[in-house]
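The values are calculated or read from the model by the stated rules, or taken from the named source; none is laboratory data. Quick caveat, the model's predicted, so the values are computed rather than measured. Here the Cβ is made from the backbone with ideal geometry for all residues, glycine too, and neighbour counts use every protein chain on show.
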Amino acid sequence: MKTNFDEVVERRHTNCMNTDGFRSYIFHADKTMKFPWADDEFVRMWVADMEFATAPCVVEAIKQRAEQRIFGYTKVFDAEYYRAFVAWCDRLYDWHCKEEDLVTSNGIIPALYELVSYLTKPDEKVLINTPAYAYFKHAGDFNGRETVCSDLKNDKGYYTIDFDDFARKAADPKVTLFFLCNPHNPSGRVWSREELLRVFKICHDNHVFIVSDEIHCDLLRCGVRHTPMAKVIAAVDPAFDRIVTCMAPSKTFNLAGLMISNIVIPNAELRKIWDERHYSFDNPLSIAAAQAAYTDGAEWHQELREYLDGNFKFTKEYLISHLPKAVFRIPEATYLAWVDVAAYVKPDTQLPLFFANKAGVLLEGGNMFVQNSDTDIRLNLAMPRKMLEVGLDRICRVLNGEKLR
Ligand SMILES: Cc1ncc(COP(=O)(O)O)c(C=O)c1O
């Protein structure tokens, strides 16, 4: 491997959310909140960014763009950006979008917030699968729209869609928008073509617009392949355009702070609304970074996937020997481990607070994933293996009753 993913990169004093923002994000608290651990003693397994330096080609592209020295108002005009994105999607998913359908956004979250307001009326509802990435609900809440939750079925850590429940909820005439998470955060499922087809049919028959958030689609276990929802639909109903696809280099290349994402909108009416109402500037350094990642980042990306596979194998073995009653399966996608610790905690335990206090580990869990997640914790494994081992060691020791502080 060319890349040293074991390198520990210092992140403090960089206005880093991961190191400095956990009190407000996880605990809704200010900096007076105290723990038995100093801030730099925590093992941080929470927010979904990585402890790895990005690909060298990305750093080089940012430096080159910086050398140009003017950072005036910028927006993707050059077709090179589109060509880089489309070549990436072609190679990885055998899928490509039309150039005129691609717009950029300063992150997928802002796009989801906007799309709710463009696609639904005030009395309409947004359907999601739970457990869910909470911003799907926040996007509805922010716009005053009701969220309808369809719980996924959970068979020993393997999550599937409850199609009867999903169809029943989609049939509510007030449900007009579905946020699909493909692959799914937090379960890590990569939905199969058959599952996606069933979802599409239900949404189609009930006139529910689909927004497919595919931000995690590049981070698959080696050998697993992602299927974009838009590709499934194009194969059976090429004229159907009531779908938006959201992808980004942010998870893949650890560029969340650069805030650039790709939103593919084939529906001409919606794109018109987007063009009229979206504040559509991009950061010049972000364009350079994203384009370089898509053009030259393939080798780094493959190495990353191999390293992550190793971290998942390590975690699986660690949990089997130290926490045998935990329910965990290596997910098909994401760098996030979803672990049910019901056998080890009292009901109603505030899991993030429990682990921050007792184990010195920052993680997300419980109702941070909306519902159907009371006894689950989500561990971000995108870190050097030695760091991961410390985190797992502390988690397992406290769950086995040891007092660390
Ligand atoms: C499903 C999903 N969508 C969106 C995001 C964040 O998107 P962005 O940083 O582009 O706003 C995340 C981050 O964890 C996510 O898991």
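Restricting attention to helices (runs of 4 or more DSSP H) lying wholly within the range 286-405, give those where 1 or more residues are closer than 30 Å to Trp88 by Cα. Full working, then the answer.
Details: elements: 298-322, 351-359, 385-399.
Here the list reads 298-322, 385-399.
Residues in the range 132-151: is at least one in contact with a His (Cβ under 8 Å, 6 or more places away or on another chain) and within 16 Å of the ligand (Cβ to nearest atom)? No - not one qualifying residue is present in the range 132-151. Being charged (D, E, K, R), touching a residue at least 40 places away in the same chain (Cβ under 8 Å), more than 13 Å from the ligand (Cβ to nearest atom) and surrounded by fewer than 22 Cβ atoms within 10 Å (Cβ to Cβ), is that true of even one residue in the range 207-227? Yes - at least one qualifying residue is present in the range 207-227.
Cβ-Cβ distances below 7 Å connect the following pairs, each with a first residue in the range 100-111 that is over 16 Å from Asn185 (Cβ atoms), a second residue that is in a helix (DSSP H, G or I) and more than 8 Å from the ligand (Cβ to nearest atom), and a separation of six or more residues or different chains: Leu102/Tyr82; Leu102/Phe85; Val103/Trp274.
Just one of the listed residues (Arg44, Arg69, Arg65) is farther than 30 Å from Ser187 by Cα and buried (at least 16 other Cβ atoms within 10 Å of the Cβ), and it is Arg65.
Scanning the range 211-245 for residues that are touching an Asp or Glu at 6+ places or on another chain (Cβ under 7 Å) and closer than 27 Å to Glu60 by Cβ yields Leu220, Cys222.
The single condition from (1) within 18 Å of the chain's Cα centre (by Cα); (2) more than 13 Å from the ligand (Cβ to nearest atom); (3) free of Cβ contacts under 8 Å to residues at least 12 places away in the same chain that Glu67 fails is (1).
Can you tell which of Ser261, Ser280, Ser250 is under 22 Å from Thr3 (Cα atoms), among the polar types (S, T, N, Q) and within 16 Å of the ligand (Cβ to nearest atom)? Quick ask: steps written out before the conclusion?
Numbers: Ser261 fails: under 22 Å from Thr3 (Cα atoms); Ser280 fails: under 22 Å from Thr3 (Cα atoms).
Ser250 is the lone residue from the list that is under 22 Å from Thr3 (Cα atoms), among the polar types (S, T, N, Q) and within 16 Å of the ligand (Cβ to nearest atom).
Of all the numbered requirements in (1) within 24 Å of Gly366 (Cβ to Cβ); (2) among the acidic types (Asp, Glu); (3) away from the ligand (no atom under 16 Å from the Cβ), Asp49 misses one, and that requirement is (3). For the range 229-243, the criterion of being within 16 Å of the ligand (Cβ to nearest atom) and among the basic types (Lys, Arg) is met by none of the residues.
I'm checking my understanding of the structure. Among residues of the range 185-199 that are free of Cβ contacts under 8 Å to residues at least 60 places away in the same chain and crowded, with 24+ Cβ neighbours inside 10 Å, which one is nearest to the ligand (Cβ to nearest atom)? So the residue we want is Trp191.
When Phe179, Phe200 are checked against the criterion of being among the aromatic types (Phe, Trp, Tyr), in a strand (DSSP E or B) and in the same structural domain as Tyr133 (by the TED database), a single residue qualifies: Phe179. Among residues of the range 152-165 being away from the ligand (no atom under 16 Å from the Cβ) and in contact (Cβ under 8 Å) with a residue 40 or more places away in the chain, the one that is farthest from Thr245 (Cα to Cα) is Lys156. Does Val361 satisfy the condition of being among the β-branched types (Val, Ile, Thr) and touching a helix residue (DSSP H, G or I) at 6+ places or on another chain (Cβ under 7 Å)? In short, yes. Note on the range 114-131: residues that are out of contact with any Gly (no Cβ under 9 Å at 6 or more places or on another chain), over 15 Å from Asn182 (Cα atoms) and either in a helix (DSSP H, G or I) or within 15 Å of the ligand (Cβ to nearest atom) (or both) amount to 5. For Tyr25, the conditions (1) part of a helix (DSSP H, G or I); (2) surrounded by fewer than 18 Cβ atoms within 10 Å (Cβ to Cβ); (3) more than 15 Å from the ligand (Cβ to nearest atom) are fulfilled apart from (3).
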